[in-house]
Amino acid sequence: MVKTGIGLVSLSTGVPITLQQAQAAPGTRTYKCYDATVQLLADIKSATADLKAKTKRLTEANDEVGRLERLAGQNAMTKDAKKRLEEWNGKVRDFSKAVTAAQESLDALTDRVSASEELTWPRNVADTALNAAPNSESKKKLGALLAFTDQGPTGFTASQLNEATALIGVLAPATPAPVQSKCSPQSMDCEPQALKDKKAEGLVYRSPVPSYLLICQVSDAAACTPDGASSVIVSSGVLAPQLGPLRLLPMTNGAFQNNVLKVTFRENGGVAER
(Lines give C-alpha, C1' and ligand atoms only; values in the text may rest on other atoms or scores of the structure.)
Protein backbone atom coordinates (compact mmCIF):
# COMPACT_ATOMS: atom_id res chain seq x y z
CA MET A 1 0.00 0.00 0.00
CA VAL A 2 1.36 3.36 -1.01
CA LYS A 3 0.00 6.33 0.90
CA THR A 4 0.64 9.81 -0.43
CA GLY A 5 -0.74 12.81 1.42
CA ILE A 6 -0.86 16.12 -0.40
CA GLY A 7 -1.46 18.97 2.03
CA LEU A 8 -1.66 22.73 1.80
CA VAL A 9 0.63 22.85 4.79
CA SER A 10 3.31 22.15 2.19
CA LEU A 11 2.77 25.57 0.70
CA SER A 12 4.10 27.15 3.87
CA THR A 13 6.97 24.75 4.53
CA GLY A 14 8.10 24.15 0.96
CA VAL A 15 8.00 20.38 1.47
CA PRO A 16 6.89 18.44 -0.42
CA ILE A 17 5.26 20.96 -2.75
CA THR A 18 7.28 24.04 -3.65
CA LEU A 19 5.37 26.94 -5.10
CA GLN A 20 6.23 30.58 -5.59
CA GLN A 21 3.65 33.31 -5.85
CA ALA A 22 3.13 34.65 -9.32
CA GLN A 23 3.33 38.25 -10.45
CA ALA A 24 0.15 38.01 -12.47
CA ALA A 25 -1.13 40.64 -14.85
CA PRO A 26 -4.02 42.78 -13.55
CA GLY A 27 -7.30 40.98 -14.06
CA THR A 28 -5.70 37.51 -13.94
CA ARG A 29 -7.54 35.13 -11.65
CA THR A 30 -5.22 34.09 -8.83
CA TYR A 31 -5.66 31.97 -5.72
CA LYS A 32 -4.68 32.73 -2.14
CA CYS A 33 -5.24 31.01 1.19
CA TYR A 34 -8.23 32.20 3.18
CA ASP A 35 -7.31 33.99 6.42
CA ALA A 36 -8.67 30.96 8.30
CA THR A 37 -6.34 28.69 6.32
CA VAL A 38 -3.34 30.89 7.11
CA GLN A 39 -4.27 30.70 10.79
CA LEU A 40 -4.53 26.90 10.59
CA LEU A 41 -1.06 26.73 9.08
CA ALA A 42 0.26 28.90 11.90
CA ASP A 43 -1.45 26.61 14.43
CA ILE A 44 0.16 23.58 12.77
CA LYS A 45 3.58 25.19 12.99
CA SER A 46 3.01 25.92 16.69
CA ALA A 47 1.64 22.42 17.37
CA THR A 48 4.62 20.85 15.61
CA ALA A 49 7.05 22.80 17.79
CA ASP A 50 5.06 21.81 20.89
CA LEU A 51 5.17 18.12 19.93
CA LYS A 52 8.91 18.31 19.28
CA ALA A 53 9.56 19.90 22.69
CA LYS A 54 7.40 17.35 24.54
CA THR A 55 8.97 14.44 22.65
CA LYS A 56 12.44 15.66 23.61
CA ARG A 57 11.37 15.88 27.25
CA LEU A 58 10.00 12.31 27.13
CA THR A 59 13.21 11.04 25.51
CA GLU A 60 15.33 12.62 28.23
CA ALA A 61 13.12 11.10 30.93
CA ASN A 62 13.38 7.64 29.35
CA ASP A 63 17.16 8.00 29.20
CA GLU A 64 17.27 8.81 32.92
CA VAL A 65 15.03 5.84 33.76
CA GLY A 66 17.26 3.59 31.68
CA ARG A 67 20.36 4.83 33.51
CA LEU A 68 18.82 4.18 36.92
CA GLU A 69 17.56 0.74 35.88
CA ARG A 70 21.09 -0.21 34.82
CA LEU A 71 22.25 0.71 38.32
CA ALA A 72 19.52 -1.51 39.74
CA GLY A 73 20.70 -4.37 37.53
CA GLN A 74 24.19 -3.95 39.00
CA ASN A 75 22.85 -3.89 42.58
CA ALA A 76 24.23 -0.36 42.91
CA MET A 77 20.98 1.39 43.83
CA THR A 78 20.94 3.61 46.90
CA LYS A 79 17.75 4.68 48.66
CA ASP A 80 18.02 8.05 46.99
CA ALA A 81 18.44 6.42 43.57
CA LYS A 82 15.39 4.22 44.15
CA LYS A 83 13.37 7.31 45.02
CA ARG A 84 14.60 9.10 41.88
CA LEU A 85 13.70 6.05 39.75
CA GLU A 86 10.17 6.10 41.11
CA GLU A 87 9.90 9.83 40.41
CA TRP A 88 11.26 9.51 36.87
CA ASN A 89 8.88 6.63 36.11
CA GLY A 90 6.03 8.93 37.11
CA LYS A 91 7.41 11.68 34.86
CA VAL A 92 7.65 9.25 31.94
CA ARG A 93 3.98 8.38 32.33
CA ASP A 94 3.00 12.06 32.43
CA PHE A 95 5.28 13.03 29.53
CA SER A 96 3.99 10.11 27.47
CA LYS A 97 0.40 11.28 27.92
CA ALA A 98 1.42 14.81 26.96
CA VAL A 99 3.11 13.57 23.76
CA THR A 100 0.05 11.51 22.82
CA ALA A 101 -2.23 14.52 23.33
CA ALA A 102 0.11 16.79 21.35
CA GLN A 103 0.25 14.29 18.47
CA GLU A 104 -3.54 13.96 18.38
CA SER A 105 -3.90 17.75 18.33
CA LEU A 106 -1.39 18.07 15.47
CA ASP A 107 -3.07 15.28 13.50
CA ALA A 108 -6.46 16.95 13.85
CA LEU A 109 -5.11 20.29 12.62
CA THR A 110 -3.21 18.71 9.72
CA ASP A 111 -6.28 16.76 8.62
CA ARG A 112 -8.18 20.02 8.20
CA VAL A 113 -5.75 21.36 5.61
CA SER A 114 -4.81 18.16 3.79
CA ALA A 115 -6.19 15.40 1.63
CA SER A 116 -4.94 11.82 1.45
CA GLU A 117 -5.62 8.85 -0.79
CA GLU A 118 -4.77 5.17 -0.50
CA LEU A 119 -3.82 3.21 -3.61
CA THR A 120 -2.79 -0.39 -4.24
CA TRP A 121 0.19 -0.21 -6.56
CA PRO A 122 1.94 -1.73 -8.51
CA ARG A 123 -0.82 -3.99 -9.82
CA ASN A 124 1.30 -6.04 -12.24
CA VAL A 125 4.92 -6.68 -13.19
CA ALA A 126 4.92 -4.06 -15.96
CA ASP A 127 3.39 -1.34 -13.77
CA THR A 128 6.35 0.85 -12.73
CA ALA A 129 4.87 4.37 -13.04
CA LEU A 130 1.92 5.85 -11.16
CA ASN A 131 -0.10 9.01 -11.66
CA ALA A 132 -0.01 10.19 -8.05
CA ALA A 133 -1.86 13.47 -8.58
CA PRO A 134 -4.81 14.10 -6.24
CA ASN A 135 -8.17 12.86 -7.46
CA SER A 136 -11.13 15.16 -7.96
CA GLU A 137 -12.37 14.79 -4.40
CA SER A 138 -8.97 15.65 -2.94
CA LYS A 139 -8.61 18.66 -5.24
CA LYS A 140 -12.05 19.82 -4.18
CA LYS A 141 -11.12 19.58 -0.50
CA LEU A 142 -7.85 21.46 -0.99
CA GLY A 143 -9.51 24.01 -3.26
CA ALA A 144 -11.98 24.88 -0.50
CA LEU A 145 -9.04 26.29 1.48
CA LEU A 146 -8.27 28.83 -1.25
CA ALA A 147 -9.97 32.04 -2.22
CA PHE A 148 -9.68 33.44 -5.74
CA THR A 149 -9.64 37.02 -6.88
CA ASP A 150 -9.01 38.97 -10.05
CA GLN A 151 -8.22 42.18 -8.19
CA GLY A 152 -4.72 41.56 -6.87
CA PRO A 153 -1.47 41.25 -8.84
CA THR A 154 -0.09 38.42 -6.69
CA GLY A 155 -1.18 34.92 -5.76
CA PHE A 156 -1.06 31.46 -7.26
CA THR A 157 -2.27 31.01 -10.82
CA ALA A 158 -4.35 28.00 -11.82
CA SER A 159 -1.45 26.65 -13.88
CA GLN A 160 0.87 26.88 -10.88
CA LEU A 161 -1.56 24.93 -8.70
CA ASN A 162 -1.86 22.26 -11.39
CA GLU A 163 1.94 22.03 -11.62
CA ALA A 164 2.19 21.73 -7.83
CA THR A 165 -0.10 18.69 -7.80
CA ALA A 166 1.36 17.01 -10.90
CA LEU A 167 2.88 14.04 -9.08
CA ILE A 168 4.36 10.86 -10.54
CA GLY A 169 5.23 7.69 -8.63
CA VAL A 170 8.04 5.48 -9.93
CA LEU A 171 9.44 2.14 -8.83
CA ALA A 172 13.09 2.10 -9.92
CA PRO A 173 15.87 -0.44 -9.22
CA ALA A 174 18.74 0.88 -7.11
CA THR A 175 21.21 -0.66 -9.57
CA PRO A 176 20.77 -1.62 -13.24
CA ALA A 177 18.91 -4.89 -13.66
CA PRO A 178 21.08 -7.82 -14.80
CA VAL A 179 20.83 -8.94 -18.41
CA GLN A 180 18.50 -11.91 -18.76
CA SER A 181 19.53 -15.12 -20.52
CA LYS A 182 17.37 -17.93 -21.84
CA CYS A 183 16.09 -20.56 -19.48
CA SER A 184 18.09 -23.76 -19.49
CA PRO A 185 19.40 -26.29 -17.00
CA GLN A 186 22.81 -24.59 -17.29
CA SER A 187 21.43 -21.06 -16.66
CA MET A 188 19.51 -19.90 -13.61
CA ASP A 189 18.15 -16.79 -15.37
CA CYS A 190 15.26 -16.72 -17.83
CA GLU A 191 13.92 -14.37 -20.46
CA PRO A 192 10.15 -13.93 -20.01
CA GLN A 193 9.48 -15.04 -23.62
CA ALA A 194 11.39 -18.28 -23.05
CA LEU A 195 9.33 -19.55 -20.14
CA LYS A 196 7.47 -22.05 -22.32
CA ASP A 197 10.69 -23.57 -23.57
CA LYS A 198 10.55 -27.31 -22.90
CA LYS A 199 14.10 -27.13 -21.62
CA ALA A 200 13.00 -24.74 -18.87
CA GLU A 201 11.44 -27.36 -16.61
CA GLY A 202 11.17 -26.53 -12.95
CA LEU A 203 10.04 -23.66 -10.77
CA VAL A 204 10.33 -20.14 -12.16
CA TYR A 205 10.41 -17.21 -9.74
CA ARG A 206 11.69 -13.63 -9.48
CA SER A 207 14.47 -12.55 -7.16
CA PRO A 208 13.66 -9.28 -5.33
CA VAL A 209 16.08 -6.43 -5.92
CA PRO A 210 16.78 -3.29 -3.83
CA SER A 211 14.74 -0.47 -5.37
CA TYR A 212 13.44 3.03 -4.75
CA LEU A 213 9.82 4.05 -4.45
CA LEU A 214 9.87 7.67 -5.63
CA ILE A 215 7.18 10.33 -5.69
CA CYS A 216 8.23 13.28 -7.84
CA GLN A 217 6.72 16.67 -8.57
CA VAL A 218 6.95 16.23 -12.34
CA SER A 219 4.58 15.46 -15.20
CA ASP A 220 6.86 12.96 -17.00
CA ALA A 221 7.84 9.65 -15.38
CA ALA A 222 11.19 9.71 -17.22
CA ALA A 223 12.15 12.78 -15.15
CA CYS A 224 11.46 10.99 -11.86
CA THR A 225 14.84 9.46 -10.96
CA PRO A 226 16.84 9.01 -7.73
CA ASP A 227 19.15 11.78 -8.99
CA GLY A 228 16.33 14.32 -9.41
CA ALA A 229 16.89 15.90 -6.00
CA SER A 230 14.80 19.00 -6.69
CA SER A 231 11.76 17.06 -7.92
CA VAL A 232 11.84 14.01 -5.60
CA ILE A 233 9.56 14.63 -2.62
CA VAL A 234 9.36 11.05 -1.32
CA SER A 235 12.15 8.47 -1.54
CA SER A 236 11.78 5.13 0.20
CA GLY A 237 13.96 2.04 -0.08
CA VAL A 238 12.03 -1.15 -0.89
CA LEU A 239 12.60 -4.67 -2.18
CA ALA A 240 10.80 -5.11 -5.50
CA PRO A 241 10.41 -8.69 -6.77
CA GLN A 242 8.67 -7.47 -9.95
CA LEU A 243 11.86 -5.66 -11.04
CA GLY A 244 14.13 -8.61 -10.39
CA PRO A 245 15.35 -11.20 -12.90
CA LEU A 246 13.39 -14.37 -13.56
CA ARG A 247 15.18 -17.40 -12.17
CA LEU A 248 14.72 -21.11 -12.59
CA LEU A 249 15.02 -23.94 -10.10
CA PRO A 250 15.37 -26.89 -12.51
CA MET A 251 13.49 -30.07 -11.83
CA THR A 252 12.46 -32.84 -14.22
CA ASN A 253 10.63 -36.12 -13.86
CA GLY A 254 11.38 -38.74 -16.48
CA ALA A 255 10.03 -42.22 -16.88
CA PHE A 256 9.88 -44.15 -13.63
CA GLN A 257 11.22 -41.09 -11.73
CA ASN A 258 9.66 -39.48 -8.67
CA ASN A 259 11.86 -36.43 -8.14
CA VAL A 260 10.71 -33.80 -5.65
CA LEU A 261 11.70 -30.12 -5.53
CA LYS A 262 11.48 -28.49 -2.13
CA VAL A 263 12.06 -24.77 -1.66
CA THR A 264 11.20 -22.24 1.05
CA PHE A 265 10.66 -18.60 0.11
CA ARG A 266 11.06 -15.60 2.35
CA GLU A 267 8.25 -13.10 2.75
CA ASN A 268 10.02 -10.73 0.33
CA GLY A 269 10.13 -13.38 -2.42
CA GLY A 270 13.74 -14.49 -2.05
CA VAL A 271 14.75 -18.13 -1.63
CA ALA A 272 15.46 -19.02 2.00
CA GLU A 273 16.17 -22.73 1.61
CA ARG A 274 16.08 -25.39 -1.09
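The values are calculated or read from the model by the stated rules, or taken from the named source; none is laboratory data. All values derive from a computational prediction rather than experimental measurement. Please note: Cβ atoms are built from the backbone with ideal geometry, for glycine as well, and neighbour counts cover all protein chains shown. In case anyone asks, the SASA skips ligands and DNA or RNA and just uses the protein heavy atoms, side chains included. Shrake-Rupley method; radii C 1.70, N 1.55, O 1.52, S 1.80 Å.
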Mean Cβ count within 10 Å, highest first, over the residues of peptides 72-84, 55-67: 55-67, 72-84
Just the number, please: carbon plus sulfur as a percent of the accessible area of the stretch 32-113, 1.4 Å probe, no ligands or DNA/RNA counted. 51
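FRET efficiency for residue 71 and residue 271, Cβ-Cβ distance as r, R0 = 51 Å, nearest 0.05?
After rounding to 0.05, the efficiency reads 0.60.
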Simple spin-label estimate for residue 100 and residue 259 in nanometres, 7 Å along Cα-Cβ: 5.9
Bin all alpha-carbon pair distances of the stretch 32-113 at 5 Å intervals from 0 and give each bin's fraction as a whole percent. 3, 15, 18, 15, 12, 10, 8, 7, 5, 4, 2, 1, 0
Take residue 39 and residue 55, extend 7 Å from each Cα along the Cα→Cβ direction, and tell me the distance between the two endpoints in nm. 2.8
